[in-house]
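The values are calculated or read from the model by the stated rules, or taken from the named source; none is laboratory data. Everything numeric in this text was worked out from a predicted model, so none of it was measured. All Cβ positions, even for glycine, are placed from backbone atoms using ideal geometry, and neighbour counts span all protein chains on display. Just so you know, the surface numbers come from the protein's heavy atoms only, side chains and all, with ligands and any DNA or RNA stripped out. Shrake-Rupley method; radii C 1.70, N 1.55, O 1.52, S 1.80 Å.
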Amino acid sequence: GVVHRDIKSDNIVLTPKGQVKVLDFGLARGRDAAAFVTRIGSSAGTPAYMSPEHIQGAEMDARSDLFSFGVVLYEMLTGRMPFKGEHEAALTYSIVNETPTAIHTHNQAVPRGLENIVAKLLEKNPKDRYQGAVEVIEDLRRLEAGQRVKAHPRRRSRVAAAVVAGVLVPLVAFWLVQQRSQRRDVAATDDAGRKMLAVLPFQNLGPTDQEYFADGITEEITTQLAKLSGLGVISRTSAMKYKGSNKSLREIGKELGVDYVLEGSVRWDKSGAQNNVRVSTQLIRIADDTHLWADNFDRVYDQIFALQSEIAQKVASELNVTLVEPERAALAARPTKNLDAYDLYLRGRAQLGDATTTEEMDDALVMVEQAVAMDSTFARAQAFLARTYANQHFNHLHPELPRVKQARAAALAAVRHAGDQPAGHIAMGYYYYYAERDYDRALGEFEKAAKRQPNDADVLEAIAYVQRRQNKWDASVANLERAIELDPTNANRITNLIQTLGYMRRWTEAEQWATRGREMDPRSLQFPSYLAVAKVARDGDTRGAGELLDPIVSKHGAIATFRADIYIMARDYEAVRKLLPNLRAYPNIDTLQFYVIRATASYFDGDHDTAKVFADSALAYLNGRKAATSSDADLVAGYASVLAMLERREEALRAIDRAVSMMPIEKDALAGADIRNARMIVYIAVGDYEAAIKELEFLMSVPSNLTPAILRMHPGFDPLRDNPRFKKLAEEKVSS
């Protein structure tokens, strides 16, 4: 209960016995003065260690001391202060507005997990920091035990469509499954009769810091070949999984479903007066290991685009693929006239692929932004920025309005300079999808891009994303399957297909895809989780689901909360009691999920007083996120659910109606169904059973995350069980 207010290196000593002691409590405040304010401009504290709220004279609590502790750790690890300024005003500006230089740039020996801990301590907003020292200790102990401490990007909490009179209707809903149809071997030609080719990662024969360049050459050649309508080309993300692999070409061909591979090497020699690039390639038919074509290309660096085009045309010729004139023009087009800009673009893309935090993503984007500053006509780089900006806004990594404006400006620039190439259409498609949720215009742009780039798995998947939000579920499934054919080892595409099938209640197909995913990646946590969801949602098999989850339950907080919910559906409250004491220690536990599952478990265990305590904690968390006035429909729906649990009926109904109006199902069939599900939950919680039944009837008539098996099992639906209309819904058969 004590807030020190002057945590700094000078006030921390190490005794001869190895004890750490904190000194000088002259500025400290105790529990009775927890919400105190320091007057702006006062000198209470040491500026270099002050938190942003301390500097700004806002309310302070223990999280302010945690920020100061983060400054001390940064100083210990780097020998530098995280925030600098020639005078006090400049220093305080830095603390409030600037992000410290990444620790690894000063000291590469620091584990990334420890760097992540410090970064979270130094978050500007107290809500984004650790909420107490216990949380810091937990992460430090994980790090000490050799476990991964993940970065803490500012992502929105996924609010479960949550509480039925204190009841969590399945977290199953948000682990919802995703995969389709019988497993089949992919033929050497696709459905359109096109020959299927994989471009394997080109080997870098230069210094290790040129790895990004070899990867970039691989991607550019893949992109060039993907423009050819007569050829099916496996996506780069699947092909890159074989980088450094010892598998034979025959094994790779079977796994990717191709009969041809292009492989090669790259050497970039900067030692002479001219930069020279040597690319060696060979086209191999897998069936008999025949080298159909091999060649070495020696070019000066400024001929790199012509070289990539030449290689693509040679491959097409050897495979007897006829090029129409627009395809020849597309191959000949130069993405930029500035080779330095091109190099920065490749570096930025490579770094973004490895980024795990918002800060790392921003650092990578700076490179691409610099590329655009060098050549504003670089349409591909502009398109990349537009997509990334809009995606960050959509996923609440950068929810502020400037990201939307940046996305629009970059997309329009891409359109202006792309000519008839697909980059402009792709950029505008993502802008309409992520930034404006204008799905009709987004689909139109993506379809134009698909005509120019028919083998682009990203574009096909983007079309599928739009279609399911437009209530075109069958078309969405078809395009996701096509994207997976072009990118067969991409787990994200498979999970998106599982999710789509799950909403459609096509559980047998979903289970088959989840099985395929687990065979593809036995270490995955997601695929056994999806298999568990399938067992529960289709068959009500809580025991089988538990057997899948028990070996992995301690590895992720979402799995632990899902396991707790399955115990609740099985009405095994003793098992829930045994699981709950450890729940907070699991990695990646979502704070709101933790409070809600604790409240839910307590409610069904008959301890309604404890349930309200945890529900009140959930409400405090949501109030800290300003859920009542948020523009995030998910957050508002979660807020309404918690209010309902606390028997604040009128507030709950107003909030859930607001959430539905923000995200109507007519506008978004996917997200809208989740919000309508939340409204059904609120209706049960406040005792309006007639309204709940009507909402249930609607949700069971459209793709949603509810199934008859869940209705039959979950105790949250007990108030409705004697209703004949509910009985009819619970007895319906689920599509296989």
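A value for Rg and Dmax of the Cα atoms in Å was derived from the coordinates, and within the list (i) 28.3, 96; (ii) 27.9, 86; (iii) 26.6, 82 it appears as (ii). Against the criterion of solvent-accessible heavy-atom surface with a 1.4 angstrom probe, 59, 511 sort, most first, into 59, 511. Roughly how many percent of the accessible protein surface of segment 319-422 is carbon and sulfur, given a 1.4 Å probe and a whole-percent answer? Carbon and sulfur atoms account for 53 percent of the accessible area of segment 319-422. Aspartates and glutamates within cross-link reach of residue 127: Cα-Cα under 16 Å, excluding same-chain residues under 8 positions apart? Those aspartates and glutamates meeting the cut-off are 53, 59, 61, 65, 135, 590.
Per residue, segment 318-374 exposes 50 Å² of solvent-accessible protein surface, assessed with a 1.4 angstrom probe and all protein chains in place. Which entries in 8/626; 254/314; 21/120; 124/241 show an alpha-carbon gap greater than 26 Å? Checking Cα-Cα distances, 8/626; 124/241 exceed 26 Å. Look at the alpha carbon pairs under 8 Å that are at least 6 residues apart: their mean separation over the length of the chain gives a relative contact order of 13 percent. Other residues lying with their Cβ under 12 Å from the Cβ of residue 25 contribute a combined charge of 0, Lys and Arg counting +1, Asp and Glu -1. Using θ = phi - 60° in the Karplus curve 6.51 cos²θ - 1.76 cosθ + 1.60, the 3J(HN,Hα) couplings for segment 603-619 round to 4, 6, 7, x, 9, 6, 5, 5, 4, 5, 4, 6, 5, 5, 5, 4, 5 Hz; x is entered for Gly and Pro. Converting phi to 3J(HN,Hα) with the Karplus coefficients 6.51, -1.76 and 1.60 and the offset θ = phi - 60°, segment 228-243 yields 8, 5, x, 9, x, 10, 5, 4, 4, 5, 6, 5, 5, 5, 9, 5 Hz in sequence order, with x at every glycine or proline. Computed in the context of the full set of protein chains, the accessible area of segment 451-578 at 1.4 Å probe radius has 43% of its extent on carbon or sulfur.
For segment 541-668, the relative contact order is 16 percent, taking Cα pairs closer than 8 Å that sit 6 or more residues apart in sequence and dividing their mean separation by the residue count.
For residue 203, nonlocal amide neighbours, meaning residues 5 or more places apart or on other chains whose placed amide H falls under 5 Å from its own, are 264, 265, 266.
Sequentially through segment 316-330, phi angles give Karplus couplings (6.51, -1.76, 1.60; θ = phi - 60°) of 4, 5, 5, 9, 6, 9, 7, 9, 7, 4, x, 6, 4, 5, 5 Hz, Gly and Pro residues having no value and appearing as x. With 28 Å as the limit, the listed pairs 247/472; 337/448; 535/578; 195/448 have 247/472 beyond it between alpha carbons.
One decimal place: the segment residue 12-residue 648 gains 224.3 nm when fully extended, by the rule 0.36 nm per residue minus the C-alpha distance.
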